[in-house]
Amino acid sequence: MHLIPDTPFPELGFPFQVTESADGRWLAVSCHASGSGGGRVVVYRLSDLGLWEQLEFEHGVECLAFHPSRPVLALGTEEGDDEYERQGQLILYEPETRVRATLAFDDVGVTAHRWSDDGESLELTLSVPDTEGERDGLDHYLACVVDAETLTPGPRSPVEVDWNAPERLPRIPDARAHLAELAAGRGRAWAPRDGVTVLEPLCDGRVLAVLRSRTLLECWSRDGELLWSVSVPDEHGHVGRQVYVAPDQESAWVPYFVGDSADRRTRLLRLSLTDGALIGNRELDFPVDIVDRADGAWIARDSRDLFPGPQWPPYDSVVFTPSGRRLAEVPLGECDSSYGFRVRRSPYLLLLRGLGDSPRRELLDKWVSRVTPDGVESLFPLAWDSSVTGYLRSGPAVYVDGDAGLHGPGLLHACHGPTGPHVLLRALPGGEVLWAYRADAEVVGLDVTEGLVHAVTRARELLTLRIGDGEQIRHTPTAVGGHVFTPLCLAVSGSGLVMIGTAEGRILVQAP
């Protein structure tokens, strides 16, 4: 596999804090790029900026600093309910030996630390949640000194903290600027990147990418050169993490959400795929989930993606032409994130519709349905067996036909429920199960090429299955250069390149 973009520090995503060892050998960076809500610290060799080791933690990393004279890294973690509980750890790590030592706290978080001048101890600031409601929900803090040799904590005492005091600020105040400077010193460019949540390969070899935030859409050449990028129009809006590409591949529609979480509305922006220029827009009063078919018709569906959940009926969804002309409005009923069912290369408008009388939309019976000019036709339930009941969360899907070696058209889709994550091949239109593959972790990306199914999971693996029988051919970690990347999506290009979007903001490319 190779990386797009191929720039330094590909493991980071967005950095928070950075520190260097006193001997000038080691660089440590805390960042959030795991996609799992935990913490990550990446350690590099300063000599060549090469990856040495990545450290992952169940808790978020709040602080890190090297010993004043020795190559020993101290970091503090914190996790727990803001109001009722807190846990934390102080961890000492020696890069040369890769040895760790941990001091755990089961009632407080390690919010900050500072080495003593002689390096014999660490002064910790511990966070305590306001369980009694005496501080309007704000934490209070305790000071504690820990012996660095034995990791023995001393007594705790209340302390008032001025976070703007000079001694409280990181020694390297701007992590991003520092990393960019280090890269520039070696003749290379670096900038932080958000996770790549959607990939859409184009027929000419270019690939479109939607990022988690800040970037609306970007376009890369087949050689990994950034051709153009469109930033979000307003820092207060939210990227929709979707894109609809018109069949002529000259333009694309990208949803952009405005308003707060309780009243989110959508601006649909039409962008030229030549240079990313804005060439049209539409506005809708609801947060949009896109459904499309290969010949160009597409639907902007009311996704009901609001918090708190909407207390009003769903809006009618709007059917558009590729240019954005309204064709019709159609009622599609309840929806939420568990109904996400974007089907690649489908000649039909396929989606999930909730049927039944449950008061909770996520527990309605989800049916694969087809929208036609005559209305909405229910084809078959998402649940593939009578024993599969309760909450089902749909995943990515792909339409397959006889060219894939099947006797007729089929629907390949991922699903996650009480029986675990699965990839299934179903016959169309009746939904007969041709095979079902039980995955070890939730499938987040899925596509098909040359009789093979490619899927990536939250276990950071790329699975390859035979489309004829679902037999696993291989599974490999989504790794490049010693780092296992966290996949968020997958697509296969027309030339057979398997492309994986990652939480670290990189695209992994594997040749056929």
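Here are a few things to note about the model shown:
- Residue in the range 215-230 that is open to solvent by less than 10 Å² (accessible area, probe 1.4 Å), closer than 30 Å to Ala28 by Cβ, in contact with an Asp or Glu (Cβ under 8 Å, 6 or more places away or on another chain) and assigned to a loop (DSSP other than H, G, I, E, B) present: no
- A Cβ distance below 6 Å, combined with a sequence gap of six or more or placement on separate chains, defines the contacts here; from the range 175-187, residues that are without any contact (Cβ under 8 Å) to a residue 24 or more places away in the chain and more than 12 Å from Leu12 (Cβ to Cβ) reach no residue that is aliphatic (A, V, I, L, M) and open to solvent by less than 30 Å² (accessible area, probe 1.4 Å).
- Criterion violated by Gly468 - all others in (1) in a loop (DSSP other than H, G, I, E, B); (2) free of Cβ contacts under 8 Å to residues at least 24 places away in the same chain; (3) open to solvent by 50 Å² or more (accessible area, probe 1.4 Å) satisfied: (2)
- Residue ID - nearest to Ala383 (Cα to Cα), chosen from residues in the range 437-446 that are surrounded by 16 or more Cβ atoms within 10 Å (Cβ to Cβ) and of a type in the set (Gly, Ala, Ser): Ala439
- Residue check for Gly375: of a type outside the set (A, V, I, L, M), in contact with a Pro (Cβ under 6 Å, 6 or more places away or on another chain) and on the phi > 0 side of the Ramachandran plot: no
- Pairs where the first residue, in the range 9-32, is of a type in the set (D, E, K, R) and the second is open to solvent by 10 Å² or more (accessible area, probe 1.4 Å) and not in a strand (DSSP E or B), C-beta under 7 Å, 6+ apart: Glu20/Leu46; Asp23/Pro71; Arg25/Leu46; Arg25/Pro71
- Odd one out for Ser337, checked against (1) closer than 20 Å to Val243 by Cα; (2) surrounded by 15 or more Cβ atoms within 10 Å (Cβ to Cβ); (3) within 27 Å of the chain's Cα centre (by Cα): (2)
- Selection count, the range 389-428, where residues are part of a loop (DSSP other than H, G, I, E, B) and surrounded by 16 or more Cβ atoms within 10 Å (Cβ to Cβ): 5
- Selected residue [within 27 Å of Ser221 (Cα to Cα), surrounded by 10 or more Cβ atoms within 10 Å (Cβ to Cβ) and touching a residue at least 24 places away in the same chain (Cβ under 8 Å)] from Arg156, Arg193, Arg168: Arg193
- Boolean, Val376 is open to solvent by 20 Å² or more (accessible area, probe 1.4 Å) and either of a type outside the set (S, T, N, Q) or farther than 30 Å from Leu327 by Cα (or both): yes
- Boolean, Ala246 is of a type in the set (Gly, Ala, Ser) and touching a Gly at 6+ places or on another chain (Cβ under 8 Å): yes
- Scanning the range 284-317 for residues that are of a type in the set (D, E, K, R) and surrounded by 19 or more Cβ atoms within 10 Å (Cβ to Cβ) returns Asp289, Asp292, Arg293, Arg301, Asp302, Arg304, Asp305.
- Verdict on Gly468 being closer than 26 Å to Ala191 by Cα and small (Gly, Ala, Ser): no
- In this entry, Glu362 passes the filter for residues that are charged (D, E, K, R), open to solvent by less than 50 Å² (accessible area, probe 1.4 Å) and more than 27 Å from Glu200 (Cα to Cα).
- Per-region count, the range 471-488, residues open to solvent by 10 Å² or more (accessible area, probe 1.4 Å) and under 16 Å from Ala414 (Cα atoms): 3
- Candidates Asp130, Asp162, Asp117, filtered to the one that is assigned to a loop (DSSP other than H, G, I, E, B) and under 22 Å from Ile91 (Cβ atoms): Asp117
- In the condition set (1) under 22 Å from Ile4 (Cβ atoms); (2) touching a Phe, Trp or Tyr at 6+ places or on another chain (Cβ under 9 Å); (3) open to solvent by 50 Å² or more (accessible area, probe 1.4 Å); (4) assigned to a loop (DSSP other than H, G, I, E, B), Gly276 is compliant with all but (3).
- Segments classed as strands (runs of 3 or more DSSP E), wholly inside the range 1-107, with at least 2 members that are closer than 27 Å to Arg193 by Cβ and open to solvent by 40 Å² or more (accessible area, probe 1.4 Å): 14-20, 51-57
- Selection of the range 165-192 for residues being under 15 Å from Val18 (Cα atoms) and part of a helix (DSSP H, G or I) yields Arg168, Ala175, Arg176, Ala177, His178, Leu179, Ala180, Glu181, Leu182, Ala183.
- Residue count for the range 353-371 under the criterion of being in a strand (DSSP E or B), touching a residue at least 24 places away in the same chain (Cβ under 8 Å) and out of contact with any Ser or Thr (no Cβ under 6 Å at 6 or more places or on another chain): the result is 4.
- Within the range 251-268, tally of residues that are open to solvent by 20 Å² or more (accessible area, probe 1.4 Å) and assigned to a strand (DSSP E or B): 3
- Count of the range 140-188 residues which are touching a strand residue (DSSP E or B) at 6+ places or on another chain (Cβ under 7 Å) and on the phi > 0 side of the Ramachandran plot: 1
The values are calculated or read from the model by the stated rules, or taken from the named source; none is laboratory data. Worth saying up front: this structure is predicted, and the values here are computed from it rather than measured. When we count neighbours, we look across all protein chains shown, and the Cβ atoms used for this are built from the backbone with ideal geometry, even at glycine. Protein only, heavy atoms only, side chains kept; ligands, DNA and RNA dropped before computing areas. Shrake-Rupley method; radii C 1.70, N 1.55, O 1.52, S 1.80 Å.
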